[in-house]
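Coordinate-derived values only; no laboratory data. What you are looking at is a predicted structure, and each value in this text was computed from that prediction instead of being measured. No Cβ is skipped: glycine too gets one built from the backbone with ideal geometry, and neighbour counts run over all protein chains shown.
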Amino acid sequence: PVGALNPTRKAFFIERYNNWESDTMPPFHYGTHYSTAAFTLSWLIRLEPFTTFYLNLQEGKFDHANRVFHSIPVSWQNCQRDSSDVKELIPEFFSLPEMFTNCNHYKLGRTEDGLKVDDVILPKWAETPEDFIRINRAALESEFVSCHLHHWIDLIFGYKQRGLL
């Protein structure tokens, strides 16, 4: 799972679970779900009808620019170090290059360091959104992923959800 991307992060969540001391709430690894409608809307904020749904969720305003999805490298950094960021990727990361382009010219604001939030900043290895999708899809369809995908499916949807019974 995204919460165990590296040994330090995995250890943090295991320690939190093992040291939980509440009488009213059972222990948990993650304080939020890895997939919510709000996460999907934030990934797809540049495309209708998701923009409208996002604005309805946010009382008619875009969120603070620092929290708007604006950079794949920044999102990758955050999911490796931020204990509240356990978002999984959505299928569109493998099929919809338009999600990375602000084709409707929404005014998404400026980050605290002055960066205008517009098109999504891609990793250095992807020259265009189409290139990103092609490479991401090739990774998803690789032999390695094909040989291990069933573990993720069992964890998210199957018997590994509950651990040892």
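Just a few scattered comments:
- Among the residues making up the stretch 73-83, a single one is farther than 16 Å from Thr40 by Cβ and touching a Phe, Trp or Tyr at 6+ places or on another chain (Cβ under 9 Å): Ser83.
- In the stretch 120-141, residue nearest to Phe69 (Cα to Cα) [restricted to those that are surrounded by 15 or more Cβ atoms within 10 Å (Cβ to Cβ) and either more than 19 Å from the chain's Cα centre (by Cα) or not hydrophobic (A, V, I, L, M, F, W, C) (or both)]: Pro129
- Residue satisfying all of: in the stretch 75-127; β-branched (Val, Ile, Thr) and touching a Leu at 6+ places or on another chain (Cβ under 8 Å); nearest to Thr36 (Cα to Cα) among these: Ile90
- Scanning the stretch 33-59 for residues that are crowded, with 17+ Cβ neighbours inside 10 Å, of a type outside the set (D, E, K, R) and in a loop (DSSP other than H, G, I, E, B) turns up Leu44, Ile45, Leu47.
- Matching entry among Phe62, Phe93, Phe69 (being buried (at least 16 other Cβ atoms within 10 Å of the Cβ) and over 25 Å from Phe13 (Cβ atoms)): Phe62
- Residue in the stretch 84-106 that is part of a helix (DSSP H, G or I), among the charged types (D, E, K, R), under 15 Å from Ile45 (Cβ atoms) and within 19 Å of the chain's Cα centre (by Cα) present: yes
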